[in-house]
Amino acid sequence: MKAAVLHEVNTPLRVEDVEIDGPGPREVLIRTGASGVCHSDLHFVEGKYSISMPVVLGHEAAGTVESVGEQVSYVKPGDRVITCLSVFCGHCDRCLSGRPVLCTRADVVRSPTEKPRLRQGDTPVTQMAQLASFAELMLVHEHATVKVRDDVPFEQLALIGCGVTTGLGAVLNTARVEPGSTVAVIGCGGVGLNAVQGAVLAGALRIIAIDAVETKLTIAQEFGATDVVDASGGDVVEKVRNLTDGGVDYSFEAIGTKETAEQAFDMLRAGGTATIIGMIPQGTKIELDGPSFLREKRIQGSSMGSNRFRIDMPRYIEFYLQGRLKLDELVTQRMKLEQVNEAFEDMKQGYVARTVITFD
Ligand SMILES: [Zn+2]
Ligand SMILES: [Zn+2]
């Protein structure tokens with residue numbers, strides 16, 4: 001099969017032949033329908049996070065089940081699925097205490113002594129997030145899939161696989177925003193826009209969208225932001241405090257830098273909670289104002305929207321079909337696998353909410 005392979009940090013991905021194994025007892029082979037290009041993919045290209053190479057990136061996808069292992073009963077060939085990197089074992093203490101997103105993932109991967117799922121000749125090829133969706137086929141553990149209805153296009157489904165779930169879930173699952181509260185979202189790319197529409201679903205009274213790119217602020221308003229703050233024009237924290245009663249109840253950081261994480265905390269009112277969604281580069285330290293903790297300000301991480309994706313994702317599809325969740329507007333352009341490097345270039349320019357790679 002064809003896949004986009006990263007061989008070295010800061011080099012273009014190369015579309016090459018990669019051999020894919022057949023499904024093991026609990027694995028599912030999926031024909032990829034669409035794959036979003038997410039900022040976390042770019043982090044690995046740029047070496048901000050390390051991964052063993054060669055690697056097939058891509059982790060925001062949907063497709064059709066091609067074949068299944070002998071012990072798989074959850075899906076069958078022909079089923080439409082969304083994949084999720086939050087593959088869960090179902091029996092560790094994290095899974096059993098209702099937080100499968102934090103699963104230790106001990107036995108949902110192939111061990112180094114087993115045949116790799118992907119290879120080029122004798123060289124094993126890493127699957128990003130155990131998915132590797134920049135490829136015509138994906139071989140994944142059955143617990144990395146959720147079966148969905150088959151009347152929604154792959155592009156929209158793919159986005160639910162990461163960006164939508166990450167943004168919505170941070171608001172609905174991690175922070176549990178209450179109706180009537182005030183919310184600020186820093187960074188209005190694919191994930192931030194979904195935090196904005198998560199806040200709409202949660203019934204937030206004020207939703208302040210913050211970004212340095214004006215077009216993104218306009219889009220954020222279309223997604224339900226009640227106020228916007230242009231981050232290119234000076235003190236963001238001060239502006240948010242002035243727009244609210246001295247700060248917001250909930251802030252969401254969807255960029256992944258030290259500066260914006262600190263801003264997220266500083267813009268809270270007493271008792272507020274900052275949720276960090278962005279992937280802050282390895283080695284970064286965050287500095288917070290100590291006395292703020294006496295005012296019960298909190299800061300927390302959110303991984304993949306604290307999802308229970310087999311419950312959450314089908315619900316998000318229903319919200320979409322009811323017109324309460326925007327997905328079509330998130331797909332800013334479609335590309336072929338061969339254009340994946342162009343998609344990264346557009347992302348670096350900062351003007352694209354989502355490029356979706358389609359396969360046919
Ligand atoms: Zn992602
Ligand atoms: Zn587990």
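Among the residues of region 223-246, which ones are in contact with a helix residue (DSSP H, G or I) (Cβ under 7 Å, 6 or more places away or on another chain) and either surrounded by fewer than 23 Cβ atoms within 10 Å (Cβ to Cβ) or under 19 Å from residue 302 (Cα atoms) (or both)? Break it down stepwise before answering.
Here is the first cut: in region 223-246, the ones in contact with a helix residue (DSSP H, G or I) (Cβ under 7 Å, 6 or more places away or on another chain) are 223-225, 227-230, 236-237.
Those that are in contact with a helix residue (DSSP H, G or I) (Cβ under 7 Å, 6 or more places away or on another chain) and either surrounded by fewer than 23 Cβ atoms within 10 Å (Cβ to Cβ) or under 19 Å from residue 302 (Cα atoms) (or both): 224, 227, 228, 230, 237.
Listed here are the residues, each with its yes/no results for (1) over 25 Å from residue 235 (Cβ atoms); (2) in contact (Cβ under 8 Å) with a residue 12 or more places away in the chain.
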position: 261; (1), (2): no, yes
position: 266; (1), (2): no, yes
position: 274; (1), (2): no, yes
position: 291; (1), (2): no, no
position: 315; (1), (2): yes, no
position: 333; (1), (2): yes, yes
position: 344; (1), (2): yes, yes
position: 355; (1), (2): yes, yes
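Here is a list of conditions, (1) in contact (Cβ under 8 Å) with a residue 60 or more places away in the chain; (2) under 30 Å from residue 257 (Cβ atoms); (3) within 16 Å of ligand 1 (Cβ to nearest atom), and residue 12 meets all of them except one; can you say which number that is?
With (1) in contact (Cβ under 8 Å) with a residue 60 or more places away in the chain; (2) under 30 Å from residue 257 (Cβ atoms); (3) within 16 Å of ligand 1 (Cβ to nearest atom) applied to residue 12, the lone miss is (3).
Given 190, 180, 234, 203, which one is within 25 Å of residue 327 (Cα to Cα), modelled with pLDDT under 95 and small (Gly, Ala, Ser)?
Numbers: 180 fails: modelled with pLDDT under 95; 234 fails: within 25 Å of residue 327 (Cα to Cα); 203 fails: modelled with pLDDT under 95.
Just a single option satisfies the conditions, and that option is 190.
Which ones in region 116-133 are surrounded by fewer than 15 Cβ atoms within 10 Å (Cβ to Cβ) and in contact with a strand residue (DSSP E or B) (Cβ under 9 Å, 6 or more places away or on another chain)?
Answer for region 116-133, where residues must be surrounded by fewer than 15 Cβ atoms within 10 Å (Cβ to Cβ) and in contact with a strand residue (DSSP E or B) (Cβ under 9 Å, 6 or more places away or on another chain): just 121.
Out of 52, 67, 40, which single residue is more than 16 Å from ligand 2 (Cβ to nearest atom), among the hydroxyl-bearing types (Ser, Thr, Tyr) and in contact with a Pro (Cβ under 7 Å, 6 or more places away or on another chain)?
67
Every residue, every condition in (1) more than 21 Å from the chain's Cα centre (by Cα); (2) within 19 Å of residue 170 (Cα to Cα); (3) among the aliphatic types (A, V, I, L, M), yes or no:
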residue: 251; (1), (2), (3): no, yes, no
residue: 256; (1), (2), (3): no, yes, no
residue: 265; (1), (2), (3): yes, yes, no
residue: 277; (1), (2), (3): no, yes, yes
residue: 291; (1), (2), (3): yes, no, no
residue: 295; (1), (2), (3): yes, no, no
residue: 301; (1), (2), (3): no, yes, no
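All but one of (1) at pLDDT below 95; (2) surrounded by 15 or more Cβ atoms within 10 Å (Cβ to Cβ); (3) closer than 19 Å to residue 146 by Cα hold for residue 109, so report the exception by its number.
(2)
Quick check, is residue 166 at pLDDT 95 or above, polar (S, T, N, Q), out of contact with any strand residue (DSSP E or B) (no Cβ under 7 Å at 6 or more places or on another chain) and crowded, with 19+ Cβ neighbours inside 10 Å? Please lay out each step first, then the result.
Values: at pLDDT 95 or above: yes; polar (S, T, N, Q): yes; out of contact with any strand residue (DSSP E or B) (no Cβ under 7 Å at 6 or more places or on another chain): yes; crowded, with 19+ Cβ neighbours inside 10 Å: yes.
Spelling it out, residue 166 is indeed at pLDDT 95 or above, polar (S, T, N, Q), out of contact with any strand residue (DSSP E or B) (no Cβ under 7 Å at 6 or more places or on another chain) and crowded, with 19+ Cβ neighbours inside 10 Å.
In contact with a helix residue (DSSP H, G or I) (Cβ under 7 Å, 6 or more places away or on another chain), part of a helix (DSSP H, G or I), more than 22 Å from residue 334 (Cα to Cα) and touching a residue at least 24 places away in the same chain (Cβ under 8 Å): which single residue out of 172, 193 fits that description? Give the steps one after another, and end with the answer.
Details: 193 fails: more than 22 Å from residue 334 (Cα to Cα).
Selected residue: 172, the only one of 172, 193 that is in contact with a helix residue (DSSP H, G or I) (Cβ under 7 Å, 6 or more places away or on another chain), part of a helix (DSSP H, G or I), more than 22 Å from residue 334 (Cα to Cα) and touching a residue at least 24 places away in the same chain (Cβ under 8 Å).
Please determine, by comparing only the residues of region 87-107 that are in contact with a Gly (Cβ under 9 Å, 6 or more places away or on another chain) and under 27 Å from residue 156 (Cα atoms), which one is farthest from ligand 2 (Cβ to nearest atom).
Kept after step one, since they are in contact with a Gly (Cβ under 9 Å, 6 or more places away or on another chain), are these residues of region 87-107: 96, 100-101, 103.
Those still in the list that are under 27 Å from residue 156 (Cα atoms) too: 100-101, 103.
Values: 100: 6, 101: 10, 103: 3 Å.
If we take residues in region 87-107 being in contact with a Gly (Cβ under 9 Å, 6 or more places away or on another chain) and under 27 Å from residue 156 (Cα atoms), then 101 is farthest from ligand 2 (Cβ to nearest atom).
Scan region 305-351 for residues that are hydrophobic (A, V, I, L, M, F, W, C) and assigned to a helix (DSSP H, G or I) and jot them down. Steps first, please.
Step one: filter region 305-351 for residues hydrophobic (A, V, I, L, M, F, W, C), giving 309, 311, 313, 317, 319, 321, 325, 327, 330-331, 335, 337, 340, 343-344, 347.
Within region 305-351, 309, 311, 313, 317, 319, 321, 330, 337, 340, 343, 344, 347 meet the criteria.
What are the pairs with Cβ atoms under 7 angstrom where one residue, in region 24-41, is within 15 Å of ligand 1 (Cβ to nearest atom) and the other, located anywhere, is among the acidic types (Asp, Glu)? Sequence gap at least six, or different chains.
From residues that are within 15 Å of ligand 1 (Cβ to nearest atom), the pairs are 34/155; 35/60; 36/60; 38/60.
Quick one: would you say residue 135 is within 19 Å of the chain's Cα centre (by Cα), more than 19 Å from residue 310 (Cα to Cα) and in contact (Cβ under 8 Å) with a residue 60 or more places away in the chain?
Values: within 19 Å of the chain's Cα centre (by Cα): yes; more than 19 Å from residue 310 (Cα to Cα): yes; in contact (Cβ under 8 Å) with a residue 60 or more places away in the chain: yes.
Judged against the criteria, residue 135 is a match.
The values are calculated or read from the model by the stated rules, or taken from the named source; none is laboratory data. What you see is a predicted model, and the numbers here were worked out from it, not measured in a lab. In this analysis, Cβ positions are derived from the backbone assuming ideal geometry, glycine residues included, and neighbour counts consider all displayed protein chains.
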